[in-house]
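Enquirer: My questions will all concern the structure given below.
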Amino acid sequence: MKKNNIYKLMFRKVILFYFFLAVLFSLPLGKGWGWTSSYAQKFTASVNKNKVAVGEVFQLDFTINASGKSFTPPSFSDFTLYSGPNQSSSMQIINGSMSQSITLSYYVAAKKEGTFTINSASITVGNNTLQSNAITIEAVKGGNTQQAQTQSQGGTQDKNSGKASSENLFAKTSVSKSKVYAGEQIVITHKVYTRMNLKGFQDVKFPSYNGFWAQELGRNTQYEVNTENVDGVSYNVVEIKKAFLFAQRSGKIQIEPMEVECVVREKSGKRKDPFEQFFGHDPFFGFDSYKDVLYSVKSNAINIEVVPLPEANKPADFPGAVGNFSMNATIDKDKVKANEGINLKITISGKGNLKLIDAPKMTFPDEIETYDPKTNENISANQSGVSGSKTFEYLLIPRHEGVYTIPAWNFNYFDAEKKMYVALPSKEFTITVEKGESNSTSSPVISSVAKEDVKMIGSDIRYIKTGNINLDKRGEYFFNSPIFISGFAVPPLLFLAFLFLRREHIRRNSDIVLVKKRNASRVAKKQLVQAEKSMKNSDKENFFINILSALYNYTEHKMNISTAEHSKEKVIYELKEKNVSEETINELVKLLDECEFARYAPASQSGNLEEVYSRAENIITKIEDVV
Amino acid sequence: MALCILFSLPLGKGWGWAATPTDLLDSASTAYSKGNFQKASEHYEVIISLGYESPEVYFNLGNAYYKLDNIGMSVLNYERAKKLSPQDEDIHFNLKLANQHTIDKIEPAPKLFLEEWWDTLKSIHSEKIWGLRSIVCFMLFLFFLGVFITSNRLINKQFGFWLGLLFFVFSIISFSVSKSRYNDITNKNSAVILSSSAEIKNSPADTGTKLFILHEGAKVSARETNGEWVKVELTSEKVGWVKRSSIEFI
């Protein structure tokens, strides 16, 4: 009996060992959920499906990772119990530590439609009583259970898109946050959940992450299989992709679903061909054949609300950095010769949207030539997020000697967790520039004030004229106007009239003179006759008056002198003009003087009257000869 | 209701009945300064349609049309202004700018030295000033002719003769210049193309062969008119007939 017991024990151990081996091999693909290495005591309940048809048999497992006693199953009042409890135990050694688990399985079926809860079971481990989780089962109206329906030859792959049960195989996309700031990091995970024998993936279509900058998490070539409990059902979960997203714009952004084709190995029906039974590709477990079936699954779409960064306190030169950063700025030398280059290196390192950070806006002294910065990125992603550094390298070339200062600046970033802007101050750099080698290409140090032409910035017509505008009647021109014509007609007429009148005047005038001239000696003679009478009467006074008037009238008429302007001088002047001899003129003057004198003098002094008479007659004759 | 009509009357009709040309000038320049070029151009057109003209009005109207992007009318009015006031620098400037917007490149025919000299002389004064000058010179000529005739002394006669001759020559030159300018103004011997493009044909008929095409704003010499057609000339080679409706005489 005792011996028997030992054999029994040994047999058990051998079975256990083989089982253990089988588990080790099947681990990556198989039911990895059985062996979570944990020292905590865990008592869990799970079902192989939680959506069943009425009458469909499903498995209910209670697993404990320690040895326990007094197991109390829940009541199965809503279910029909077909078999159980069937106990199985397993052992696992990982990194030298052993864990074991005991599973109690029931096979049950729902009696009617509806949603039922399998209440928790309890077990006592040591002094503790553990409660398992409750499981909700949804029983639907009869119908066939979801089974793979293809019956093709073993080893071939079948496209069977969309026919796998959504309970047995589905994809899920999840994000760490659905409401973020622009530039804030989101973790996105694409997972495939399965309860089938998943062998691999084909043709995975990931979303394009439009509107985001995505940094993928580096992944091993082999997919890792984990176990996850979804609504009490254990699934093998494969994380296909994990990425970090940084929104580049604000608003509502949708991430489209991921599509993946899964290769699932399924047990096909019994073989009919005896040869294949013997020479099938699977000689060890050769009684069943397998086939690979392709299932296409599609994950859910994700909506993300991206909030713009707060405007309050936003620095003017905000470079778009969101995360948590530090800054380091260095220059490679602070003492150079003119025209030599200096490197200013600004390194931003930390966690966040490094790729989206703009170069800081720097103000350099005018005398220093600068170029656009060279940018280097060293960005990597690990489980905790995207981190790395970004370096901006400025090449500065001072052109003239002197001491220059690059003023301190701030690197600003937004801390999404604290929801505030953070400014990282830099230090100030001072550069001493010595005189460099004279370089013909360098600009002259002595600046001359160059005169600049006044540049026309725009060209436009000149403005309208607004001052006094004289409006003329159109078609009225001076030329050809009556005034114009009369301007040419009237003056010549006036001129001609003037000429005519003048000629008339001259002609008339010249007639009178001629008459007078002609009559001059005749008049003079008449008066001389009068004087002769007076002489005979001894009337001395009248005699002289007659002589004088005879002489005056004669010269007046002869010379054409008006009585008004008559004077001795005028007479002398006119006689000289007429070329009368000096002698005659003198005689005339003398006679006139004598006569004037004698006219008022006493009679005794009057002299010889006859002599005066003859002298007057003589002078008149002489003038008459000349003029 | 009656009040409404009373109030609306001055606003509505405005320049319609208070249309003294001076008021129109004021309102036109106000409209122009406010950027209402359409209204300004309408007012200037009214002034011209009332029978008034002045280089300034044509200039301002040209400006308004320029601002309205009506280059053809703009060039026409600048040319009219230039005709009345050939020396005005502003007119030349704006005409040059307007001509930059025209399509056709027209090289002005080279002028002889004498011709240029004559044009310069003409442009110094208006025909009125030249006419007055010619009359004054003629009067002075007559005066010195009188001196020459009436003087008895030799020196006075010589003085009168030469000065008289000088003023006679002056008078003749001034008269000629005045007449020439008068002819320039009154003779419609140049025109501006107003339609966006005008076909120049070899005969005054629709059936004539198409010789060349001119575009809005091109200035041409008009030689003769034959019914609906005007003979125009660009250079001695480019002569043809164009529809009267597509041009406007300056």
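Enquirer: Semi-axes, largest first, in whole Å: what does sqrt of 5 times each Cα gyration tensor eigenvalue give for segment A:31-140?
Expert: Listed largest to smallest, the semi-axes of segment A:31-140 are 27, 15, 11 Å.
Enquirer: Can you flag which of A:516/A:578; A:345/A:390; A:51/A:205 are past 18 Å Cα-Cα? Mind dumping the intermediate values first?
Expert: Values: A:516/A:578 16 Å; A:345/A:390 10 Å; A:51/A:205 29 Å.
Listed pairs above 18 Å: A:51/A:205.
Enquirer: Which of B:25, B:214, B:114 comes first, and how do the rest follow, when ranked by fewest Cβ neighbours within 10 Å?
Expert: Values: B:25 22, B:214 26, B:114 8.
In increasing order of surrounding Cβ atoms, one gets B:114, B:25, B:214.
Enquirer: Moving to a separate point now. Counting only other chains, and only Cβ atoms inside 10 Å, what mean value do you get across the residues of B:149-158?
Expert: Numbers: counts 5, 4, 0, 0, 0, 0, 0, 0, 0, 0.
Per residue, the number of nearby Cβ atoms from other chains is 1 on average.
Enquirer: Could you line up B:76, A:356 from fewest to most neighbouring Cβ atoms inside 10 Å? Intermediate results must be reported in sequence, preceding the final value.
Expert: Working: B:76 26, A:356 18.
With the fewest neighbours first, B:76, A:356 line up as A:356, B:76.
Enquirer: What number do you get for segment A:316-434 when its Cα radius of gyration is normalised by 2.2 N^0.38 Å, N = residues?
Expert: 1.16
Enquirer: Modelled label-to-label distance, residue A:81 and residue A:355, 7 Å Cα→beta-carbon offset: nm?
Expert: It is 5.8 nm.
Enquirer: Multiplying the sequence separation of residue A:314 and residue A:541 by 0.36 nm and subtracting their Cα-Cα distance, what value in nm do you get?
Expert: Separation in residues times 0.36 nm, less the Cα-Cα distance, equals 67.7 nm.
Enquirer: Then there's this: Based on other C-beta atoms within 10 Å, arrange B:48, A:619 from fewest to most.
Expert: Exposure proxy ranking, most exposed first: B:48, A:619.
Enquirer: Could you work out, residue by residue across B:51-62, how many beta carbons of other chains sit within 10 Å of that residue's beta carbon, and then give the average as an integer?
Expert: Working: counts 6, 6, 6, 6, 4, 8, 6, 1, 5, 5, 1, 2.
Across the residues of B:51-62, the mean count of other-chain Cβ atoms within 10 Å is 5.
Enquirer: Ratio of alpha-carbon Rg to the 2.2 N^0.38 Å globular estimate for segment B:113-186, to two decimals, please.
Expert: The value comes to 1.33.
Enquirer: Enumerate lysine pairs in segment B:33-127 that are 8 or more residues apart or on different chains, then count those whose Cα atoms are under 30 Å apart.
Expert: Pairs that pass both the separation and distance tests number 25.
Enquirer: Select from segment B:154-250 those GluC sites (Glu not before Pro) which occupy a DSSP coil region and have at most 10 other Cβ atoms within 10 Å, ordered by residue number.
Expert: Counting only loop positions with at most 10 other Cβ atoms within 10 Å, the GluC sites (Glu not before Pro) in segment B:154-250 are B:237.
Enquirer: Using a 10 Å cut-off on Cβ to Cβ distances, tally the other chain neighbours for every residue of A:466-477 and report the average as a whole number.
Expert: Average per residue, whole number: 6.
Enquirer: Segment A:361-398: which trypsin sites (Lys or Arg not before Pro) are DSSP loop and have at most 12 other beta-carbon atoms within 10 angstrom?
Expert: A:361
Enquirer: Counting other Cβ atoms within 10 Å of each Cβ, which trypsin sites (Lys or Arg not before Pro) in segment B:158-202 have at most 13 and sit in a DSSP loop?
Expert: The qualifying sites are B:188.
Enquirer: With each run of n ≥ 4 DSSP H residues scored as -39500 (n - 2.57), what mean residue ellipticity at 222 nm is computed for chain B after dividing by its residue count and rounding to the nearest 500 deg cm²/dmol?
Expert: The helix contribution divided over chain B gives -19500 deg cm²/dmol.
Enquirer: If you don't mind, there's one more thing I want to ask. Each residue of segment B:153-167 in order: what ³J(HN,Hα) in whole Hz does its phi give by Karplus 6.51 cos²θ - 1.76 cosθ + 1.60, θ = phi - 60°, with x for Gly and Pro?
Expert: So the Karplus estimates, Gly and Pro as x, are 8, 5, 5, 5, 5, 5, 4, x, 5, 5, 5, x, 4, 4, 5 Hz.
Enquirer: Turning to a different aspect of this structure: With the crude spin-label approximation of a point 7 Å out along Cα→Cβ, what separation in nm comes out for residue A:332 versus residue A:462?
Expert: Taking the simple label geometry, residue A:332 and residue A:462 are separated by 6.1 nm.
Enquirer: Which aspartates and glutamates have a Cα lying under 17 Å from the Cα of residue A:172, excluding residues fewer than 8 positions away in the same chain?
Expert: Result set, ordered by chain and number: A:203, A:224, A:228, A:231, A:239, A:256, A:259, A:261.
Enquirer: OK, next. Please state, rounded to one decimal and in Å, the Kirkwood hydrodynamic radius that segment A:163-203 gives when every pair of distinct Cα atoms enters the mean of 1/r. Before the final figure, lay out each step's value.
Expert: On the way: mean 1/r = 0.0800 Å⁻¹.
Result for segment A:163-203 stands at 12.5 Å.
Enquirer: Between residue A:560 and residue A:113, with labels modelled 7 Å along Cα→Cβ, what's the label distance in nm to one decimal, could you check?
Expert: 16.0 nm
Enquirer: Over chain B, calculate the relative contact order: mean separation of alpha carbon pairs under 8 Å at least 6 apart, over the residue count, as a percent.
Expert: Details: 351 pairs, mean separation 36.9, N = 250.
Relative contact order comes out at 15 percent.
Enquirer: Can I ask one more? Report, to one decimal in Å, the Kirkwood hydrodynamic radius for chain B based on all distinct Cα pairs.
Expert: In chain B this quantity evaluates to 21.4 Å.
Enquirer: Oh, and also: Fully extended, how many nm does the chain gain between residue A:371 and residue A:174 (0.36 nm per residue separation, minus their Cα-Cα distance)?
Expert: Details: separation 197, 0.36 × 197 = 70.92 nm, distance 4.42 nm.
Residue separation times 0.36 nm, minus the Cα-Cα distance, leaves 66.5 nm.
Enquirer: Taking a spot 7 Å from the Cα of residue A:239 along the direction of its beta carbon, which residues of segment A:373-394 have an amide N less than 16 Å from it?
Expert: A:381-387
Enquirer: In addition: With the Cα gyration tensor of segment B:13-100 in hand, convert its eigenvalues to equivalent ellipsoid semi-axes via √(5λ) and list them largest first in whole Å.
Expert: Rounded to whole Å, the semi-axes are 22, 14, 10.
Each reported figure results from applying straightforward, stated rules to the coordinates on display, with no laboratory input. Note that the structure is a prediction, hence the values are computed from the model and not measured. A quick note on method: Cβ atoms are made from the backbone with ideal geometry, for glycine too, and the neighbour counts reach across all protein chains shown.
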